[in-house]
1. Within region 108-137, take every residue that is of a type in the set (A, V, I, L, M) and within 27 Å of K207 (Cα to Cα) and give me the one that is nearest to the chain's Cα centre (by Cα).
2. Hey, among the residues in region 251-269 that are over 16 Å from L129 (Cβ atoms) and assigned to a helix (DSSP H, G or I), which one's most open to solvent (accessible area, probe 1.4 Å)?
3. Before we move on, is K62 among the charged types (D, E, K, R), in contact with a Lys or Arg (Cβ under 6 Å, 6 or more places away or on another chain) and closer than 27 Å to H223 by Cβ?
4. Of everything in region 69-97 that's open to solvent by 10 Å² or more (accessible area, probe 1.4 Å) and not in a helix (DSSP H, G or I), which residue is nearest to L222 (Cα to Cα)?
5. Which of the following residues is without any contact (Cβ under 8 Å) to a residue 24 or more places away in the chain and not aromatic (F, W, Y): P266, P281?
6. Which ones in region 30-56 are open to solvent by less than 30 Å² (accessible area, probe 1.4 Å), among the hydrophobic types (A, V, I, L, M, F, W, C) and within 15 Å of L86 (Cβ to Cβ)?
7. Output the residue which, of all residues in region 275-284 that are farther than 20 Å from G98 by Cα and out of contact with any strand residue (DSSP E or B) (no Cβ under 7 Å at 6 or more places or on another chain), is most open to solvent (accessible area, probe 1.4 Å).
8. Report the residue count in region 1-55 for those that are assigned to a helix (DSSP H, G or I), among the hydrophobic types (A, V, I, L, M, F, W, C) and closer than 30 Å to I301 by Cα.
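The values are calculated or read from the model by the stated rules, or taken from the named source; none is laboratory data. Computed from a predicted model, the values in this text were never measured in an experiment. Cβ: placed from backbone, ideal geometry, glycine included. Neighbour counts: every protein chain shown. For the accessible areas, the whole protein counts, side chains as well, though only heavy atoms, and no ligand, DNA or RNA atoms are used. Shrake-Rupley method; radii C 1.70, N 1.55, O 1.52, S 1.80 Å.
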Amino acid sequence: MGQKVSRTDFEWVYTEEPHASRRKIILEKYPQIKKLFGHDPNFKWIAGAMVLTQILALFVVKDLSWSWLIVAAYCFGGIINHSLMLAVHEISHNLAFGHSRPMHNRILGFICNLPIGLPMSISFKKYHLEHHRYQGDEAIDTDIPTLLEARLFDTTFGKFLWVCLQPFFYIFRPLVINPKPPTRLEIINTIVQLTFNALIVYFLGWKPLAYLLIGSILAMGLHPVAGHFISEHYMFAKGFETYSYYGPLNWITFNVGYHNEHHDFPAVPGSRLPEVKRIAPEFYETMPQHTSWSRVLYDFIMDPAVGPYARVKRRQRGLAS
């Protein structure tokens with residue numbers, strides 16, 4: 001089973017999440033960062049091109065053997081689908097069309113969701129914005145593993161399994177930690193997605209749909225691009241709860257690696273986050289950061305000091321200490 005993790009509890013803190021206060025300090029020193037706020041007019045074309053690429057790929061994979069289909073899903077389709085998940089992340093902040101056109105953002109979210117195979121764009125927004133506002137909250141932030149996850153997957157082999165099973169935890173954890181009734185837009189999202197899936201099966205067969213679903217699942221687990229799930233908030237250095245990554249995979253993930261910058265300024269689109277770091281380098285270059293998402297996955301699995309417990313948590317107001 002491998003070495004057992006050395007932590008036996010989460011890192012409980014009694015301070016506010018750090019990003020709001022840092023945002024205020026940075027804006028006082030560099031008010032020009034406000035000029036970076038707003039939507040990215042090029043985003044919709046980039047995201048749309050990825051959706052079109054996946055649709056065209058369906059006509060190729062329908063004739064592949066199952067073994068080659070899985071290879072294609074892991075090495076190609078899954079990467080695009082993961083990028084589309086991060087496109088949905090951008091859209092959740094209304095960075096595609098701006099806050100003045102919320103339905104344009106939601107509709108583009110439906111479109112970007114199509115190759116992913118599972119309806120998630122509206123549900124993601126509902127929970128993700130709370131992750132920003134209540135980072136670390138024990139009852140609201142569904143990005144944090146449950147106590148059961150931390151206890152079950154507390155060995156080297158257990159952490160390996162946990163990484164492989166990440167997509168299922170991301171799907172089902174919100175239903176356990178912070179369940180919410182479905183909204184009208186979530187129902188529409190589901191109907192649109194299931195209709196698209198049914199059309200794929202009707203016209204092209206089951207293999208193209210399997211290519212999309214397998215790619216989405218594999219690229220959320222033991223996959224280099226999935227390293228950002230762990231790199232963003234797992235505590236690799238005591239006292240730091242958010243980490244940035246400045247490597248090349250940012251090119252295909254809408255700069256989600258600039259994660260301290262993103263949490264400090266969620267109104268800045270991913271394409272402009274490097275400019276935030278350039279304007280205010282002293283706030284970001286001195287903090288612990290990651291250089292490789294693959295290395296993050298390796299260290300998370302092999303280092304006994306890191307595991308599902310390695311997260312900063314805060315008591316929800318009103319709950320007993």
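1. To start, the set of residues in region 108-137 that are of a type in the set (A, V, I, L, M) comprises 108, 111, 114, 116, 118, 120, 122, 129.
Pick out the ones that are also within 27 Å of K207 (Cα to Cα) and you get 108, 111, 114, 116, 118, 120, 122.
Numbers: L108: 18, I111: 18, L114: 17, I116: 13, L118: 15, M120: 12, I122: 14 Å.
So the residue we want is M120.
2. In this case the residue turns out to be W251.
3. Values: among the charged types (D, E, K, R): yes; in contact with a Lys or Arg (Cβ under 6 Å, 6 or more places away or on another chain): yes; closer than 27 Å to H223 by Cβ: yes.
Yes, satisfied.
4. Of everything passing the filter in region 69-97, H93 is nearest to L222 (Cα to Cα).
5. Working: P266 fails: without any contact (Cβ under 8 Å) to a residue 24 or more places away in the chain.
Being without any contact (Cβ under 8 Å) to a residue 24 or more places away in the chain and not aromatic (F, W, Y) holds for just one of P266, P281, which is P281.
6. Scanning region 30-56 gives F43, A47, V51.
7. Result: R278.
8. If we filter region 1-55 for residues that are assigned to a helix (DSSP H, G or I), which is where we start, we get 18-29, 31-36, 43-55.
In the following step, the residues that additionally are among the hydrophobic types (A, V, I, L, M, F, W, C) were identified as 20, 25-27, 33, 36, 43, 45-47, 49-52, 55.
This time we only want the ones that are closer than 30 Å to I301 by Cα, so: none.
Result for region 1-55: 0.
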